[in-house]
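Below you'll find the structure, written out as structure tokens, and then a few comments.
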Amino acid sequence: MNYISQGKVIKAAVAADVSSGGGVVVGDLFGVATADIAAEATGVVLVSGIVTLPKKSTDTFAAGGKIYWDATEGYVTTTSESNTFAGYYLEADGANAVVRLPL
């Protein structure tokens, strides 16, 4: 049998410190740190599920629309250029977006 796991989380090394719940980009894959991860360390990253993430306040989000992670600003946005695909917008939760991660 070649089954490894459900694939909801992966172990990944990060370049800079990431707080629990913060966005993580691994190549072209986006996920969310499940705990604090120190720079140059390996941690557990959620790549499947529904989470809340900070959102760009001036963007207009549409339910089911694609959203992207702006690693420089630390929020999801509707702008794809220079950002990493992060999943699908579901609804607002105050200053945050409820996001369906892509896997």
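See the values below:
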item	result
Fully extended contour minus Cα-Cα distance, from residue 3 to residue 41, at 0.36 nm per residue	11.1 nm
From phi via Karplus (6.51, -1.76, 1.60), per-residue ³J(HN,Hα) for the stretch 21-30 in Hz, x at Gly/Pro	x, x, x, 10, 10, 10, x, 9, 9, 10
Size of charge dipole - the chain - debye, nearest 20, with Cβ of Lys, Arg +1 and Asp, Glu -1, no other charges	340
Accessible area of residue 46 in the full protein assembly, 1.4 Å probe (Å², nearest 10)	40
Value of relative contact order over the chain, rounded to a whole percent, pairs C-alpha under 8 Å and six or more apart	25
The stretch 11-103: GluC sites (Glu not before Pro) in DSSP coil with no more than 12 other Cβ atoms inside 10 Å	40, 73, 81
Vicinal HN-Hα couplings computed from phi for the stretch 65-77 (Karplus, 6.51 cos²θ - 1.76 cosθ + 1.60; Hz; Gly/Pro x)	x, 5, 10, 9, 8, 8, 5, 5, 8, x, 8, 8, 8
Calculated mean projected area of the Cα convex hull in nm² (choose from [x] 7.4; [y] 6.8; [z] 5.7), label	[y]
Solvent-accessible area, 1.4 Å probe, carbon plus sulfur percent, for the chain	51
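The values are calculated or read from the model by the stated rules, or taken from the named source; none is laboratory data. Owing to the predicted nature of the structure, the values given are computational and were not obtained by experimental measurement. Note that each Cβ is placed from the backbone with ideal geometry, even for glycine, and that neighbours are counted across all protein chains shown. Remember, those area values only see protein heavy atoms, side chains included, never the ligands or the DNA or RNA. Shrake-Rupley method; radii C 1.70, N 1.55, O 1.52, S 1.80 Å.
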